[in-house]
Every structure is written in C-alpha cells, then in structure tokens.
Amino acid sequence: MLDLDRGVAVMTLQIVTALNNAALIQPGFSLLRFGNHVFLFGQKGWPKRSCPTGVFLVNLKNNELKLRPTAFSNNSCYLPPLRSPAVCGLQTSFEGEDIQYLIHGGKTPNNELSSKLYIMSSESLVNRKITLCCSEKELEGDIPEARYGHSMNVVRSRGKTGVVIFGGRSFLPLNQRTTEKWNCVVDCQPLVYLIDLQFGCSSSYLVPELQDGISFHAALAKNDMVYILGGHTIENNLRARNIYKIKVDLPLGSPKVTCTVLQGNISFSSTIVTQMSPDEFVIVGGYESESHKRLTSNRVCLSEDSIDIQDFESPEWTGEIKHSKIWFGADMGHGVVLLGVPSDNKHHNSDGNFYFYVLNLGQGEDLMLQTCSQESLEEQEDSMPLEDSEEFTFNSIYDEATYNEDDEEDESETGYWITCCADCSIDINTWVPFYSTELNKPAMIYCSSDGGHWVHSQCMDLSEKMMVNLSENNIKYFCNDHIKLERGLQTPKKVAPVIKPSMKKLSSGT
C-alpha cells in the first residue's frame, strides 16, 4: 500500500484461511503469474487423479485461499512436481503483457534431481478458464548438471537474448556415493551457464572472481547484468556478503562473460524477491543463519551500471512468524508474497500444517485479493476439497456446471486397476506415478504366456529403462509368475552322450 503522508510503500500482512488442498503447499513451491492469474507449481507428493498436471490456480479472495486444478493443452509434455527449481519469466511481446516461464532443475517427490529445462505458457482461455502449455527444451553443449536451489535470469545484449544459470546444489557423483552418503549434497561448481533458447545451445564459463559454489541466493537482472546477492555455501557454511555483478556481452561472435565483485552489507539465504517496477525489487524473508530467520527487508534499485540497497520497513510480524523455526514462500507478482509457517493445528479452518499470510508491498490490499482470483471473471460456488472421484484428464477442461460423476467410467472394473499378481501393490485410492512416463494411469506390460495377460510394470520390479527397451524393440515379455514355466517348457539342447570305457577293458589292462 502507499502511505500518502510519506509517499513511500508500506508493507501490510494479512493472514488467510486455507480452505482446501492447502496440504499440497510445501517449502520449495513456486508461483507463476499469467496476467491476473497465479498458479502454484511444485505440489507436495506426486499428482493425484484429481489434478494430474500438479499445477493449481491460486484462488485468493476474501482472505480465503483455495487451489483449483489446472489443465494442460494436448501438445504439452509431462511436468513432474519440482521443489526449489530455478524459475524466471521471459517476456514474449514488446509491451510485456505476454510472458513465458522457464523452469530448470529442482527436486522430485522421489528426491531425485532434474536437469531438464521446461517452458510454461498460457495457451488459451476456454470457458473463462486458462489452459497452460508445457514443453521441454532440449539443450546441447555444456548442459548444466541436475541441481536445485540455483538461479536463472534472462539477459539482453545487442538485441539478443540469453539465459544465465548459476549456483545450486547437487548430489555427490555416483563414484563417490556410499550408503551413508547416498543423499549427501554438495555445492555445484561456480560455473556460469549461458543458454541460447533459439538454438538450445548451452555454454559454461569459468570466471576467476567466482571461487565458491553458492545456493539459495537472490539473482536480479537488468539488461546485460545479473547481480548475485547472498546465498549459502555448504563447504564453509557461510552466507556471503559480497555482491557479484555478472556482465554478459552477446556480439555476433562468441559471447563474453565477466564478473565484478562488489562489497555488500547484508547476508542471507532463501529469501523471496518480488519486483515492484522494472528497476526496483524488494527482498523479504529468508535466514541470517541456520538458527535465525531474517525479519528485516531491503529495497534494491538497479541502474545502468550500479546497485543501491536500502533498508525497507517490515510489517509487524505475528507471534507465529516470530517464534517459528522455519518459514517459506514465493512471489505472486505485483509486489505480493505468499508466506507459510508451521502451525500447531489449532487453526480449525486450516487445511494442512501451515499458517499462510499474504504480504502486500505495492498496491491496495483489496485490489490484490481480487486480481489474484479467477473468480473476478465469474462467480462460482465454493468448491469442496477435491475427491479422487473427480477425474481430470490431461487435455480437458473441468466444468463444474456440466460435470456428472455418473458419466465417468468405473475405473475399478477396468484393466488398469486389476490385481495383476499375488503381490500386486497397485491400489486405485493410493496409487501415485512411479515412472516418468506415467500420468494418471499405472504403466502396464503384456505377458506373452499362453492366453496372455497384462501386469503392472511396477509390480514386476521393472526399471524404466528396461520397460522402454521392451516396448521400443517389441520384445516378448513373461511376467514373474510365468518366466520359470516358460523356461521349463523350452526344448532342452542336444548334448553329445558321454562315452564310457568298457569295464572289461579296464579290468584286463590291470
């Protein structure tokens, strides 16, 4: 909000009541803003049948927080829920109204790290509801290793556009991992990656000024500059005070990446950055150390070749925020931040284990609550939490007005949810995707035994690589119950008889 007496922006803090699906919000989630619509990405666990895309519209109105399922277009790829990926916006029009989001890296619910680059865009508005489109961008050259807690920024130089990726954490290399250190993470090498989105070319640059890997830092970009602030280094357990100014030059020939070290006066990690204007940012939240939250805020202004950091008055934090050990959140855009802190489950109207707050830095509170809600386009009845019976297909739009549960196929009687073997563990009510190729149905494979039948690939302990190999090469497969029988029915190979010497010759020789 704007304080007219002082002419400066003032933060306001408002608690919101989470009515449904709030249990899907977890530390490391991301928010994507398309126009007046905000979408949550990076849900807790694997997507359920009620929302196979794993992306939800954030419905924030009258201090109530709801999550509504979002559909993808027909030509979209599968996007797993990812925690702590690098996310940045890319304007696709001169006016800046059209935007795409780049998503790189992050952790899956199986605690695996992703190295893929996805592009998310808003494709259409059907029945006053947005359909999103997700595609994977193939990279060539020096491809950044799988990581999380890193940054990604768009830079522009000489009429060209590039993407800068820096920092983050990754698992130990396979040849160094032991049982005790299997999930041990290390700082990624301090390389600056520059990606040409048009051709998918990725190049890495070793800059002498960058000696240590940094993760969970803030990265602010303006034109051909990227400023790296704060962040945590595992090796020495420090939160840097230095500011690294990375300059990217994109001439007709080879790109040039340089770095200048500036002295800073603040240190932090895991902060939230919200952009107030093209040159103005506000940094809130985060940690000063492992045991101390950062309750102060800063306003950052970028000029053509300099950075200015000033203190920014924080709101009066609530007791829950002050006394909680952790807090987390994400930028909703337009100077609005969604914060979460652990709850004691005494908030009876809350769905989940967190209290949620809206921190508003830039505009009127009532205006913010309206613009973040799709219900500004249409008044809908309050929705109940999604049940498994509410089936969503990957490429369709759910219409509350025409939906009839009786029209759906009874999946309990279809082949996907059969008991394929004595040890079958697939349950329609508890199943979550296991392979990257799965969406809202379990992967199955055909057993070529006499009569033939289908079995779940997961129940057969098939690796994803083996499953794909069997499918692509059209190889006959026999399930665990029939493989021994099949081998037993095979004609034994002919073996030359063993010639035994005559017992009489042996006795006469003696």
request  = Answer with yes or no whether Val273 is under 26 Å from the mean Cα position of the chain (by Cα), in the same structural domain as Ser30 (by TED's automatic domain parsing) and either modelled with pLDDT under 95 or outside any loop (DSSP other than H, G, I, E, B) (or both).
outcome  = yes
task = Pairs only if they're at least six apart or on different chains, beta carbon under 7 angstrom, first in the stretch 35-50 and of a type in the set (Ser, Thr, Tyr), second at pLDDT below 90 and part of a loop (DSSP other than H, G, I, E, B); list them, first residue then second.
result = Ser50/Leu386; Ser50/Glu387; Ser50/Asp388; Ser50/Glu390; Ser50/Phe392
request  = Just give me the residues in the stretch 48-72 being modelled with pLDDT of 90 or more and outside any strand (DSSP E or B), in sequence order.
outcome  = Thr53, Gly54, Thr70, Ala71
task = Go through the residues of the stretch 249-264 one by one and say whether even a single one is of a type outside the set (Gly, Ala, Ser), out of contact with any Pro (no Cβ under 9 Å at 6 or more places or on another chain) and under 30 Å from Tyr357 (Cα atoms).
result = no
query = Out of curiosity, is Gly335 crowded, with 21+ Cβ neighbours inside 10 Å and either in the same structural domain as Thr12 (by TED's automatic domain parsing) or in contact with a strand residue (DSSP E or B) (Cβ under 9 Å, 6 or more places away or on another chain) (or both)?
reply = yes
remark   = Residue set Ile165, Ile130, Ile103; condition part of a strand (DSSP E or B), in the same structural domain as Phe29 (by TED's automatic domain parsing) and more than 22 Å from Phe34 (Cβ to Cβ); output residue Ile165
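The values are calculated or read from the model by the stated rules, or taken from the named source; none is laboratory data. All of these numbers come straight from a predicted model, not from anything done at the bench. Neighbour counts run over all protein chains shown; Cβ positions are idealised from the backbone, glycine included.
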